[in-house]
Amino acid sequence: MAVLPEQVIYMDNNATTRIAPEVVDAMMPYLTQFYGNPSSMYTFGGQVGQALNKARQEIADLLGAEPGEIVFTSCGTESDSTAILSALQTNPGKNHLVTTKVEHPAVKNLCDNLESFTGRKHHVTRLPVAADGTLDLQRFKESLTDDTAIVSVMWANNETGVLFPVEEMAEIARERGILFHTDAVQAVGKIPIKLKETAIDFLSLSGHKLHAPKGVGVLYVRKGTPYIPFMNGGHQEHGRRGGTENVASIVGLGRACALAAEKMAEENTRVRALRDKLEQGLLGTIPKSLLNGHSSQRLPNTANISFEYVEGEAILLHMNQHNICASSGSACTSGSLEPSHVLRAMGVPFTAAHGSIRFSLSIYNTEQEVDFVLATLPGIIAKLRALSPFWEGN
Ligand SMILES: *Cc1c(COP(=O)(O)O)cnc(C)c1O
């Protein structure tokens with residue numbers, strides 16, 4: 001039987017988010033009445049084009065960028081691919097990429113494939129992270145060479161929420177004449193961003209991670225940055241991305257960005273306080289539990305906690321019986337329980353990596369929900385540990 005939204009305690013906002021009701025309202029006219037093609041010459045189409053431009057402005061405002069620097073795409077993954085492949089094409093003589101060991105699969109798997117499958121001899125440096133998930137800037141500096149075409153480093157990690165100093169890194173790359181891309185899918189709407197004041201060339205964001213629909217994204221391309229499109233076709237987006245625009249979703253994304261700007265303070269006060277209450281409550285009451293990721297250099301909404309000697313997937317199944325939604329850092333792939341590449345890169349011990357749970361909150365979470373999880377989870381962990389052959393009590 002279906003589970004209704006009002007029955008759910010949704011703490012998996014880094015996986016996807018609820019569409020804000022205001023966003024649905026803004027979209028509806030473009031799914032019903034205003035169905036014209038934004039590229040058409042007549043007013044019935046042109047007014048749709050104007051709605052796209054309004055959204056472009058709202059998105060640029062949240063990013064501290066110019067509307068002309070916003071290119072609409074189908075998702076965060078497309079934006080990531082577009083930026084990296086463009087940089088390789090505009091730098092035909094350079095074959096080196098610098099990234100990290102903890103990127104989202106949208107960047108990680110593209111880099112892996114570039115290294116193994118393309119005719120050109122691409123090589124990739126994947127920067128390691130410390131035990132708390134942070135990067136070493138000196139090591140980053142030393143990784144750059146005359147052959148480096150692009151650096152792609154995420155702004156905020158989707159599993160741990162750890163923030164990377166991308167503004168500083170972009171400056172360092174620029175001094176070497178190297179393009180800089182950041183996957184900011186998890187950062188946009190949660191922390192203040194002023195692209196104008198940075199040396200970042202490309203930035204990716206995704207609608208469904210900030211209360212807009214799935215299937216719409218943006219690639220920010222700094223004015224003057226060399227760029228070659230990924231999707232060729234019509235003259236949409238001034239020739240920077242072919243294909244008729246996903247109008248309603250783009251209008252929704254614009255509204256979501258305006259809302260995010262309004263709610264940024266709440267995200268960093270009320271949501272952060274809820275996250276801290278949840279985190280401290282769990283760490284304080286459940287023995288052998290530990291935080292994965294730097295305690296302060298982190299998004300306000302994310303807590304990744306390991307419960308030693310239990311399986312994350314077992315915890316999730318028990319939480320599911322109470323309609324609590326969260327994620328686990330281990331996935332049962334091909335029969336073997338493999339901890340996530342992010343936790344492995346941080347060197348989280350085997351016994352802890354298997355029992356990691358990511359809680360990611362949003363402005364829609366309440367204190368009652370946090371209290372319910374705090375009242376429920378210790379019992380679940382104790383029950384599972386009682387069944388574990390490795391658990392010897394506390
Ligand atoms: C979700 C996510 C993506 C992918 O975005 P889609 O719109 O789902 O393609 C990329 N990077 C990060 C960090 C993400 O969290």
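Let's see how each residue does on (1) among the small types (Gly, Ala, Ser); (2) within 16 Å of the ligand (Cβ to nearest atom); (3) assigned by TED's automatic domain parsing to the domain that holds residue 250; (4) not in a helix (DSSP H, G or I):
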{"residue": "41", "(1), (2), (3), (4)": "no, no, yes, yes"}
{"residue": "49", "(1), (2), (3), (4)": "yes, no, yes, no"}
{"residue": "52", "(1), (2), (3), (4)": "no, no, yes, no"}
{"residue": "72", "(1), (2), (3), (4)": "no, yes, yes, yes"}
{"residue": "77", "(1), (2), (3), (4)": "no, yes, yes, no"}
{"residue": "124", "(1), (2), (3), (4)": "no, no, yes, yes"}
Give all pairs with beta carbons closer than 7 Å in which a residue from the stretch 250-266 that is over 25 Å from residue 35 (Cα atoms) meets a residue that is open to solvent by 60 Å² or more (accessible area, probe 1.4 Å) and in a helix (DSSP H, G or I); count only pairs at least 6 apart in sequence or on separate chains. 261/61
All but one of (1) within 22 Å of residue 204 (Cβ to Cβ); (2) open to solvent by 40 Å² or more (accessible area, probe 1.4 Å); (3) polar (S, T, N, Q) hold for residue 73, so report the exception by its number. (2)
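Quick check on this structure: which one of 88, 62, 97 is closer than 18 Å to residue 256 by Cβ and in contact (Cβ under 8 Å) with a residue 12 or more places away in the chain?
Values: 88 fails: closer than 18 Å to residue 256 by Cβ; 97 fails: closer than 18 Å to residue 256 by Cβ.
62 is the lone residue from the list that is closer than 18 Å to residue 256 by Cβ and in contact (Cβ under 8 Å) with a residue 12 or more places away in the chain.
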Checking 217, 239 in turn, the sole residue that is within 28 Å of residue 199 (Cβ to Cβ) and either surrounded by fewer than 21 Cβ atoms within 10 Å (Cβ to Cβ) or out of contact with any strand residue (DSSP E or B) (no Cβ under 7 Å at 6 or more places or on another chain) (or both) turns out to be 239
Return the only residue of 311, 392 being at pLDDT below 95, of a type in the set (D, E, K, R), over 27 Å from the mean Cα position of the chain (by Cα) and open to solvent by 50 Å² or more (accessible area, probe 1.4 Å). 392
Out of the residues in the stretch 242-279 that are touching a strand residue (DSSP E or B) at 6+ places or on another chain (Cβ under 8 Å) and assigned to a loop (DSSP other than H, G, I, E, B), which is farthest from residue 23 (Cα to Cα)? 245
Cβ-Cβ below 6 Å, separation at least six or inter-chain, first residue in the stretch 281-299 and assigned to a helix (DSSP H, G or I), second open to solvent by less than 10 Å² (accessible area, probe 1.4 Å): which pairs? 282/305
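May I ask you to list the residues in the stretch 200-209 that are open to solvent by 10 Å² or more (accessible area, probe 1.4 Å) and more than 10 Å from the ligand (Cβ to nearest atom)?
201
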So is residue 230 surrounded by fewer than 22 Cβ atoms within 10 Å (Cβ to Cβ), outside the structural domain of residue 360 (by TED's automatic domain parsing), in contact (Cβ under 8 Å) with a residue 60 or more places away in the chain and over 29 Å from residue 368 (Cβ atoms) or not? yes
Conditions first: (1) of a type in the set (A, V, I, L, M, F, W, C); (2) farther than 21 Å from residue 303 by Cβ; (3) buried (at least 24 other Cβ atoms within 10 Å of the Cβ). Residue 149 passes all but one, so which condition is the exception? (3)
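Could you list all residues from the stretch 79-110 that are near the ligand (Cβ under 9 Å from one of its atoms), in a helix (DSSP H, G or I) and crowded, with 20+ Cβ neighbours inside 10 Å?
Result: 79, 80, 106, 107.
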Mind telling me which of the residues 168, 115, 197 ends up being open to solvent by 30 Å² or more (accessible area, probe 1.4 Å) and at pLDDT below 95? 115
Based on what the data block shows, is residue 132 within 16 Å of the ligand (Cβ to nearest atom), open to solvent by 10 Å² or more (accessible area, probe 1.4 Å) and charged (D, E, K, R)? no
Restrict the check to the stretch 330-341 and report whether at least one residue is modelled with pLDDT of 95 or more and buried (at least 20 other Cβ atoms within 10 Å of the Cβ). no
For the stretch 173-214, how many residues meet the condition of being touching a Lys or Arg at 6+ places or on another chain (Cβ under 6 Å) and more than 20 Å from residue 360 (Cα to Cα)? 2
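The values are calculated or read from the model by the stated rules, or taken from the named source; none is laboratory data. Small disclaimer: the values here were computed from a predicted structure and weren't measured. Every residue, glycine as well, gets a Cβ built from its backbone with ideal geometry; the counts of neighbours run over all protein chains shown. What goes into the accessible areas is simple: the full protein's heavy atoms, side chains included, and nothing from ligands, DNA or RNA. Shrake-Rupley method; radii C 1.70, N 1.55, O 1.52, S 1.80 Å.
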